[in-house]
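*Asks:* The following block contains the structure, expressed as structure tokens.
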Amino acid sequence: MRTSWADSVANSASENAASGSSGPRPTRATYIPPHLRNRPPSSDFLAPPPAAPSLGNDRVGYGGPAGGSRWGGGGGSASKLDSGRLGYGSGGRGGGGGWNNRIGGLERGREREVNPFDNDGDAEPAFDVQENTGINFDAYEDIPVETSGKNVPPPVNTFAEIDLGEAVNQNIRRCKYVKPTPVQRNAIPILLAGRDLMACAQTGSGKTAAFCFPIIAGIMREQYVQRPHGGRTVYPLALILSPTRELSCQIHDEAKKFAYQTGVKVVVVYGGAPINQQLRELERGVDVLVATPGRLVDLVERARVSLQMIRYLALDEADRMLDMGFEPQIRKIVEQMDMPPCGRRQTMLFSATFPKEIQRLASDFLSNYIFLAVGRVGSSTDLIVQRVEYVHETDKRSHLMDLLHAQRETEVNGKHSLTLVFVETKKGADSLEHWLYVNKFPATSIHGDRSQQEREMALRSFKSGKTPILVATDVAARGLDIPHVAHVVNFDLPNDIDDYVHRIGRTGRAGKTGLATAFFNENNLSLARPLADLMQESNQEVPAWLTRYASRVSFSGGKNRRSVGARFGGRDMRRDGSFNRGTDYYGGGNNSSGGYGVSAGYGGGYNPAVASAWD
DNA sequence: AAAAAAG
């Protein structure tokens, strides 16, 4: 009876490193990507751009952003998706011939393209197929959606309504996506229309696909774009930035599925890993580059990557990317390197939280953008049961032990359920992991002082259930999609309520239920108020003692003072009276009260002139 | 004050 947890999940660790096996290499004089075969040569999907007379220059073989239209090209080959955008690359040699010279993944990349649907998740076999068929859509009914900005394209209800191309459609089927999630329904038409976007939507609700599909479809219909070649510099067309290496990897994995057999090449670069391998990947061609900021800056400074052809810029976890630690670096990448300026690229910012201050910073990167807020599954955190317990610092470990034992009882069919334990410091993570280890708990840890190899191994081991307890710092707080996390424990509460929101969002994903337990004590007083508000807002039981703490510190006006509702979905700061750039977005009537909440602000009170979509 | 991100 003293079997360790690890025993119950033996054999589930399949470390499949799907790579290496280089299959037969097809040799074709002129490669036609699958999605374009059997098409009449002049289908409007790939209308030839106007031939450009002199393009001898190997270094800069494209018209450059100096041209007249938004994308610098004059080719007005109309697409119903976005006319203004097609003519961009005046560099193509007429008739689409340009793409023989395409540096992107078409010829060299695709020949070795691994089927990303083969090795779908190490842990999957251990779980019911039912559970994995994606998202619980019932949980997404009646979710509040708010949009603002000028001329907001209407949402769609099905993937069929949007023309993403046959290859992408097939990948959507392979992903078993039946219908778009609310954020996808709203964001995809906006992005396909070429608009800049600031979107608040909970991760786990299909956010990555919401920006990947339009990027991939956009690149596909501009396949002929001629990029500079020669030298070792590569010129990606899209850049996706994220705040952690693991998140960038995850986005890359997903994007590869969406781009499978489209001819669009996705590459990821991040720090802590050997750069040479990444350089080789880049040399084989890149259309969509997924990156963490530091490594990207490095590569641009080495002139191995140029941003001058970037036409799609996506910031995932955008509020984190623009907070104090990251902002200078992001500003450097977006404003001080060779990226086309705002207005000549399409910029999309996504996060589950979007504080007003950060929205203000972000607006520097955006042009006439649309703000989109999608309330969380179940209109707030109904799917996550949140508990707060008063635990003295000295009692935390024994209390955690109780929780872990209780969690073990809840295992279904002998299957492990995963527990993610957040601590505040790297040192704290090490010491708690060690203590768990000493006490025979199958735990591992992830934080920024561990080597990248250790970090990735820890994540794999956790996902697979080999070590169903993961102690983590905030490195794991955002974006990571780890199926089957049943319990998130805030062993140390964060100082910022938004971090709390992101942390508990690691459970209750894709419409499933989850449990979040927080240890609160005298060190967390500043969080009492926002935490109590948040819990109340999401219909959670708020302990009386917490309410007392909350009212006691009600005068404190610190950074957690932000009004209710700035979290889920959030609110367009342009609606705020205090913010006025001389542009009246709302035709006058201005709702200046900060209060907006699932019940109060949504829906009511907006000026009828504002395009506001409700599902 | 801490975490993350380049080496």
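The values are calculated or read from the model by the stated rules, or taken from the named source; none is laboratory data. Quick caveat, the model's predicted, so the values are computed rather than measured. A quick note on method: Cβ atoms are made from the backbone with ideal geometry, for glycine too, and the neighbour counts reach across all protein chains shown. Surface areas here come from the heavy atoms of the whole protein model, side chains and all, with no ligands, DNA or RNA. Shrake-Rupley method; radii C 1.70, N 1.55, O 1.52, S 1.80 Å.
*Asks:* Ranked highest first by the average count of other Cβ atoms within 10 Å around their residues, in what order do A:336-343, A:273-280 fall?
*Replies:* Values: A:336-343: 15.0, A:273-280: 12.9.
Ranked from most to least packed, the peptides come out as A:336-343, A:273-280.
*Asks:* Calculate, in whole percent, how much of the Cα-Cα pair population of segment A:181-377 lies beyond 22 Å. Display every interim value, and only then the final one.
*Replies:* Details: 8054 of 19306 pairs.
Pairs farther apart than 22 Å: 42 percent.
*Asks:* Quick check for you: with a 1.4 Å probe and neighbouring chains kept, what is the accessible area per residue of segment A:181-377, in Å²?
*Replies:* Working: 4570 Å² over 197 residues.
I get 23 Å² per residue for this part.
*Asks:* Moving on to the next point. Give me Rg/Rg_expected for segment A:286-354, where Rg uses Cα atoms only and Rg_expected = 2.2 N^0.38 Å with N residues.
*Replies:* Working: Rg = 11.7 Å, N = 69, 2.2 N^0.38 = 11.0 Å.
Normalised Cα radius of gyration, segment A:286-354: 1.07.
*Asks:* With the contact rule set at Cα under 8 Å and sequence spacing of 6 or more, what percent relative contact order holds for segment A:381-561? Mind showing how you got there, number by number?
*Replies:* On the way: 303 pairs, mean separation 52.0, N = 181.
Relative contact order for segment A:381-561 comes out at 29 percent.
*Asks:* I've got another one for you. Would segment A:323-377 count as rounded, prolate or oblate if I go by the C-alpha gyration tensor, calling it rounded below 1.5 in a/c and otherwise prolate when a/b exceeds b/c, oblate otherwise? Show your work: numbers first, answer last.
*Replies:* Working: a/c = 2.38, a/b = 1.42, b/c = 1.67.
Oblate.
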